[in-house]
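A short worksheet on the structure shown next.
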Amino acid sequence: MPGSRLDPKITAQWARVRGLMRSEVGDASYRSWLKPLTLVEVEEGEVRVAVPTRFMRDWVVSHYGDRLRALWMAENPAIGNLDIFVEAPRTKPVVRQVGASRNQAPSAAALKKVEPATATDISSISAPLDPRFVFENFVVGKPNELAYAAARRVADSEVAPFNPLFLYGGVGLGKTHLMHAIAHHTRQKFPERRVVYLSAEKFMYHFIRALRFHDTVSFKERFRSVDLLMIDDVQFINGKESTQEEFFHTFNDLVDNNRQVVISADKSPSDMEGMEERLRSRLGWGLVADIHATNYELRLGIMDSKAERIGIEIPTKVKEFLAHRITSNVRELEGALNRVVAHATLVGREISLETCQDVLHDILRANDRRVTIEEIQKKVAEHFNIRMADMHSARRARAIARPRQVAMYLAKQLTSRSLPEIGRKFGGRDHTTVMHAVKKVEELRQADVTFCEDVDLLRRMLEG
Ligand code: ADP
Ligand code: MG
């Protein structure tokens, strides 16, 4: 037993490292990825930790490796290295005594093999729902009206109206909120339906477990009994071929049997890099609903709704200020409002513009630095005196194509958008067009001083 060789001091350190990780990553991720780690030995400044599968090793190394090592080093300065390696679990059959008294050896029939946890009821796989994430609390505006309408339709319908419903949009724009709302509504309206909501990460975890217990058949069987399956953040399924394959089959099965599937991701199916083409195109078969970045009206509406819900009077000026300045996403906007309210309540100050400036200076600064592709297009169009519409148009005249290329180049430099995303914002162009534009502008900058100054000037203006 490796456990017996370990110094109790080391065991205690490991317990603390695990405790800290748990509080950092949350219970769900902890259970999926960190709990299965087994400390095997500590030798010559190296901690060796075993995981049951290669897949898990890769995930743990890339997501938690650095942090684990840092926590170990903080616990024990002698440690310099962390080795996470694969070791298949020694599967002793787990036995449970049924009806055996203390003095009597259990008969063979009384020894019942305990089923692995994967054989439990499918509903237990569903993640808990946030009670606040209901349709009534969702503020609808231009950027999210399609996604909202589609979500309502799915939740209200007797039969799947489109399958799958694919919701996509940037972080903090309400994907999870809408999915939970569908679940709440469905459970209320059709109590007999089996609703399962889980993150793609969780889905993978269950799948890996099933693999480990050689139980993939019943894994699939159990998913087949679900009426409404929702998988959040499927971008995390990217690149893991076996899981993709499994996901694909489960998904096909459900759709073929008219079960509703709802998927969310941070990109559209066609932009999911590292996903098998077959799966990518299949995901786009139903309705693909894009949640766009918020606009001012929506943000103001959300401020109003939120203020009303927490029952605190917030001056209009303050709401306007926040809606105007915190443009990144709804999560951050809510966070900012909470912070201002908490602060004002704690120190007994009234909620004012000054409070906001004081309490939120970091968030405000971070939001200031963000430039959108639309702003870039607008500035560049103004500068070169072309129409904004030409940023999207198919016109190829150099007087128009060149500024468009400059705007693409700046979009690449100043935003974190991917090439396909940028292409889409320029009238649905291919990512290779964007790549070409970036290269072209770089070349011209080398060759032409005036052009170079122009581009730099635009850049400075946009960075403000
Ligand atoms: P995502 O899953 O897209 O990253 P979430 O659904 O977790 O985003 O939303 C982040 C936060 O913003 C949640 O607290 C959610 O309730 C809130 N939120 C997002 N969009 C809206 C909206 N349109 N109306 C009200 N609250 C919203
Ligand atoms: Mg989410």
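Only one residue in Gly335, Gly301 is within 30 Å of Thr176 (Cα to Cα) and modelled with pLDDT of 95 or more. Which one? First the steps, then the outcome.
On the way: Gly335 fails: modelled with pLDDT of 95 or more.
Exactly one of Gly335, Gly301 is within 30 Å of Thr176 (Cα to Cα) and modelled with pLDDT of 95 or more, namely Gly301.
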>> Consider the stretch 382-410. How many of its residues are in contact with an Asp or Glu (Cβ under 9 Å, 6 or more places away or on another chain) and closer than 19 Å to Glu463 by Cβ?
In response: 5
> Which ones in the stretch 286-319 are within 29 Å of Pro269 (Cβ to Cβ), open to solvent by less than 50 Å² (accessible area, probe 1.4 Å) and touching a Leu at 6+ places or on another chain (Cβ under 8 Å)?
Replying inline: Gly286, Leu287, Ala289, Asp290, Ile291, Thr294, Arg299, Ile302
>> If Val217 satisfies all but one of (1) surrounded by 22 or more Cβ atoms within 10 Å (Cβ to Cβ); (2) hydrophobic (A, V, I, L, M, F, W, C); (3) farther than 26 Å from Arg152 by Cβ, what's the number of the condition it fails?
In response: (1)
> Which ones in the stretch 333-392 are β-branched (Val, Ile, Thr), closer than 15 Å to Val406 by Cβ and over 32 Å from the mean Cα position of the chain (by Cα)?
Replying inline: Val380, Ile386
> Within the stretch 424-458, which residues are open to solvent by less than 70 Å² (accessible area, probe 1.4 Å) and outside any helix (DSSP H, G or I)?
Replying inline: Phe426, Gly427, Gly428, Arg429, Asp448
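Confirm whether Met461 is free of Cβ contacts under 8 Å to residues at least 24 places away in the same chain and surrounded by fewer than 17 Cβ atoms within 10 Å (Cβ to Cβ).
Values: free of Cβ contacts under 8 Å to residues at least 24 places away in the same chain: no; surrounded by fewer than 17 Cβ atoms within 10 Å (Cβ to Cβ): yes.
Here the answer is no, as Met461 does not meet what is asked.
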>> Of all residues being open to solvent by less than 20 Å² (accessible area, probe 1.4 Å) and out of contact with any strand residue (DSSP E or B) (no Cβ under 9 Å at 6 or more places or on another chain) in the stretch 132-143, which is farthest from Pro164 (Cα to Cα)? Just the residue, please.
In response: Gly141
>> Filter the stretch 158-176 down to the residues that are surrounded by 23 or more Cβ atoms within 10 Å (Cβ to Cβ) and within 7 Å of ligand 1 (Cβ to nearest atom) and list them by number.
In response: Gly169, Leu173, Gly174, Lys175
>> Being within 25 Å of Thr372 (Cβ to Cβ) and more than 16 Å from ligand 1 (Cβ to nearest atom) is the filter here; which residues of the stretch 310-333 pass it?
In response: Lys317, Val318, Glu320, Phe321, His324, Arg325
> Can you spot a residue in the stretch 29-52 that is open to solvent by 20 Å² or more (accessible area, probe 1.4 Å), in a helix (DSSP H, G or I) and among the aromatic types (Phe, Trp, Tyr)?
Replying inline: no
> So, of the residues in the stretch 53-74 that are of a type in the set (Val, Ile, Thr) and in a helix (DSSP H, G or I), which turns out to be most open to solvent (accessible area, probe 1.4 Å)?
Replying inline: Val61
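When only residues in the stretch 220-244 that are assigned to a helix (DSSP H, G or I) and among the basic types (Lys, Arg) count, which is surrounded by the most Cβ atoms within 10 Å (Cβ to Cβ)?
Quick first cut of the stretch 220-244, residues assigned to a helix (DSSP H, G or I) only: 220-224, 234-237, 241-244.
With among the basic types (Lys, Arg) added as a condition, the list becomes 220, 222, 224.
On the way: Lys220: 15, Arg222: 21, Arg224: 14.
Only one residue tops the list, namely Arg222.
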> Condition test on Leu129, is it modelled with pLDDT of 95 or more and of a type in the set (A, V, I, L, M)?
Replying inline: no
> What's the number of the condition Arg187 fails, among (1) away from ligand 1 (no atom under 16 Å from the Cβ); (2) part of a helix (DSSP H, G or I); (3) open to solvent by less than 40 Å² (accessible area, probe 1.4 Å)?
Replying inline: (3)
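Mind listing just one residue for me: the one in the stretch 144-157 that is open to solvent by less than 40 Å² (accessible area, probe 1.4 Å) and within 16 Å of ligand 2 (Cβ to nearest atom) and, of those, nearest to Val134 (Cα to Cα)? Please lay out each step first, then the result.
Of the residues in the stretch 144-157, the ones open to solvent by less than 40 Å² (accessible area, probe 1.4 Å) are 144, 147, 150-151, 154-155, 157.
Right, trim to within 16 Å of ligand 2 (Cβ to nearest atom) and you get 144, 147, 151.
Numbers: Asn144: 15, Ala147: 14, Ala151: 11 Å.
Only one residue tops the list, namely Ala151.
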> Which numbered condition trips up Ile182, out of (1) in contact with a Ser or Thr (Cβ under 8 Å, 6 or more places away or on another chain); (2) at pLDDT 90 or above; (3) not aromatic (Phe, Trp, Tyr)?
Replying inline: (1)
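For the stretch 320-350, how many residues meet the condition of being surrounded by 15 or more Cβ atoms within 10 Å (Cβ to Cβ) and touching a residue at least 40 places away in the same chain (Cβ under 8 Å)? Step through it out loud before you land on a result.
Here is the first cut: in the stretch 320-350, the residues surrounded by 15 or more Cβ atoms within 10 Å (Cβ to Cβ) are 320-323, 325-330, 332-337, 339-341, 343-344.
Remaining after also requiring touching a residue at least 40 places away in the same chain (Cβ under 8 Å): 325-330, 332.
Of the residues in the stretch 320-350, 7 are surrounded by 15 or more Cβ atoms within 10 Å (Cβ to Cβ) and touching a residue at least 40 places away in the same chain (Cβ under 8 Å).
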>> Anything in the stretch 168-216 that is within 10 Å of ligand 2 (Cβ to nearest atom) and among the polar types (S, T, N, Q)? List them, or say none.
In response: Thr176, Ser199
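Could you list all residues from the stretch 399-423 that are in contact (Cβ under 8 Å) with a residue 24 or more places away in the chain and not aliphatic (A, V, I, L, M)? Spell out the reasoning first.
If we filter the stretch 399-423 for residues that are in contact (Cβ under 8 Å) with a residue 24 or more places away in the chain, which is where we start, we get 404-415, 417-418, 420-422.
If the condition is that a residue be in contact (Cβ under 8 Å) with a residue 24 or more places away in the chain and not aliphatic (A, V, I, L, M), then Arg404, Gln405, Tyr409, Lys412, Gln413, Thr415, Arg417, Ser418, Pro420, Glu421 are the ones that fit.
The values are calculated or read from the model by the stated rules, or taken from the named source; none is laboratory data. Note that the coordinates shown come from a computational prediction; the quantities given were computed from them, not determined experimentally. Using ideal geometry, Cβ is built from the backbone for each residue, glycine included, and neighbour counts are taken over all protein chains shown. Areas reflect the complete protein model, heavy atoms only, side chains present, ligands, DNA and RNA absent. Shrake-Rupley method; radii C 1.70, N 1.55, O 1.52, S 1.80 Å.
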